[in-house]
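The values are calculated or read from the model by the stated rules, or taken from the named source; none is laboratory data. Model, not experiment: these values are computed from the prediction. FYI the Cβ positions are ideal-geometry reconstructions off the backbone, even for glycines, and counts take in every protein chain you see. Heavy atoms of the whole protein, side chains included, go into the accessibility calculation; ligands, DNA and RNA do not. Shrake-Rupley method; radii C 1.70, N 1.55, O 1.52, S 1.80 Å.
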Amino acid sequence: MTRMISPTVTGFADPGPAATHRRLADLPDRVIGGDPRHETRIVHQSPDGRFLAGTWRSTPGRWRAFTGRDEVCVLTAGHVRLIAADGTAREFRAGDAFVIPDGFEGGWEVIEAATKHFVIRDTAPREAP
């Protein structure tokens, strides 16, 4: 019996939908420092929207991390720091891969403009239809 894993295989560099742009200052409860601007291009999203993959770029700045998700990141350019609520910090540079588990409390700091490939599994509770 053959099982199909995916109808098509998608590469992160494949042409696809246009990127979306967001200025985090539009989310004032998130920004801690600077004026970070994000560009995100989704290359895959599951039918229920809870699993997605794409490429993200950010200018320098610092903000509170989003929650309700597990995220795998592969940094392809730049320099970032993730700072936990207890002050523990981890730095990553181009070529590094890391996991941000659901429940992480803290923030991102982009020290040098950064690009990452990401895979996110949405874990936030959904309201009943």
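Evaluate segment 21-33: report whether one residue or more is modelled with pLDDT of 95 or more and acidic (Asp, Glu). No, segment 21-33 contains no residue that is modelled with pLDDT of 95 or more and acidic (Asp, Glu). Put simply, of 63, 56 the only residue that is touching a residue at least 12 places away in the same chain (Cβ under 8 Å), of a type in the set (A, V, I, L, M, F, W, C) and touching a Pro at 6+ places or on another chain (Cβ under 9 Å) is 63. Within segment 40-56, the set of residues being among the hydrophobic types (A, V, I, L, M, F, W, C) and buried (at least 16 other Cβ atoms within 10 Å of the Cβ) comprises 42, 43, 52, 53, 56.
Of all residues in segment 20-62, exactly one satisfies the criterion of being among the polar types (S, T, N, Q) and more than 15 Å from the chain's Cα centre (by Cα), namely 46.
Restricting attention to segment 86-129, the residues that are open to solvent by 60 Å² or more (accessible area, probe 1.4 Å), under 13 Å from the mean Cα position of the chain (by Cα) and over 17 Å from residue 67 (Cβ atoms) add up to 1. Screening 95, 49, 16, 78 for residues that are out of contact with any helix residue (DSSP H, G or I) (no Cβ under 6 Å at 6 or more places or on another chain), part of a loop (DSSP other than H, G, I, E, B) and modelled with pLDDT of 95 or more leaves exactly one candidate, 95. When 67, 59 are screened for being open to solvent by 80 Å² or more (accessible area, probe 1.4 Å) and not basic (Lys, Arg), only 67 passes. Scanning segment 27-38 for residues that are open to solvent by less than 60 Å² (accessible area, probe 1.4 Å) and among the charged types (D, E, K, R) returns 30, 35.
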